[in-house]
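Okay, structure first, notes after.
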């Protein structure tokens, strides 16, 4: 089927989320999107995730695997198409906007406060709340990461575990990251959340100089040297304590290995994210992964991915591809077909925009 035929079929068979996303995205039809909007906002699926945005902001409510964390609720609502000026969401994100205002200039104590600010700013940026402290933090992170990306030294990213005393036995299998890669606990390597913030920031992507900085960061991420780093980066040290880092931008199938299950769903998210970058969209990994997605739909003339490839888990983090559901009733084959074709269309549509 041609892309236009897929979109037309989805408009007649998918639920309110996909119909709204197609109207506002694929068709760029504001009138049609307004017609679909009431169905989106009254959808039980959408309402249930709106109610999962926590009522207060702290380290427990920002980040985690349960549905009632800010990152998971906002990741789902972002994919549903909700954005700033949706009254029901505006009120619910206020505690997180205020938290960013309080935190943005406060010296961090440990890398976790930096990570938490980055997570909060990323999801606020993705959904259109990128003013004030949110914008200031995202630009700060871009400066920090770009400073390393323009002169990267990944060959010496790690130091011996016995460099400092007291390295935990539980972490013996993980390398110790060089301390000058996180000066003042502010990591100079990009987290996945950084890329979501950079690539969705209108202020950054609309500025030629800032966008070039983002592309330099993407160049770093796509390099074999970066992809050879320890997944999650390894162990960091703060105030004589050791902590396991996480959330590096390792690309599923980068080495040409077979991708399935949660790695496949994470690949789908990363293809949609990195399709916003001209450099990434023409990279071998991106082109090869896009072909894998297309071929997976064509095997046996079946137009849907497996449930394993599109998980919707009770416990899992959105950025890891653990919450892929877009249809209200996912028990039917048609729901899987709608979700699969829509995600394929999103990835191919971004590619088409870049190719223009």
Rg to Rh, two decimals, where segment 56-179 supplies the alpha carbon set and Rh follows Kirkwood: 1.05
If R0 = 45 Å, then residue 162 and residue 331, at their Cβ-Cβ distance, give a FRET efficiency to the nearest 0.05 of 0.25
Once normalised by the length of segment 252-356, the mean sequence separation of its alpha carbon contacts under 8 Å that are 6 or more apart gives a contact order in percent of 34
Length-normalised contact order for the chain - Cα pairs under 8 Å, 6+ apart - percent: 17
For labels at residue 153 and residue 91 in the simple 7 Å Cα→Cβ model, what's the distance in nm? 5.4
Please report, to two decimal places, log10 I(q)/I(0) for segment 220-286 at q = 0.13 Å⁻¹ as given by the Debye formula with identical point scatterers on the Cα atoms and no solvent. -0.44
Average projection area in nm² (convex hull over Cα atoms of segment 1-114, one quarter of hull surface): 9.1
What percentages make up the Cα-Cα pair-distance distribution of segment 115-210 when the bins are 5 Å wide from 0? 2, 12, 21, 19, 15, 12, 9, 6, 3, 0
Computed from every Cα-Cα pair in the chain, P(r) in 20 Å bins starting at 0 and rounded to whole percents is 29, 60, 11, 0
Treating each Cα of segment 252-356 as an identical point scatterer and ignoring solvent, apply the Debye formula and state log10 I(q)/I(0) at q = 0.15 Å⁻¹. -0.59
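FYI, it's all coordinate maths here, none of it is from the lab. What you are looking at is a predicted structure, and each value in this text was computed from that prediction instead of being measured. All Cβ positions, even for glycine, are placed from backbone atoms using ideal geometry, and neighbour counts span all protein chains on display.
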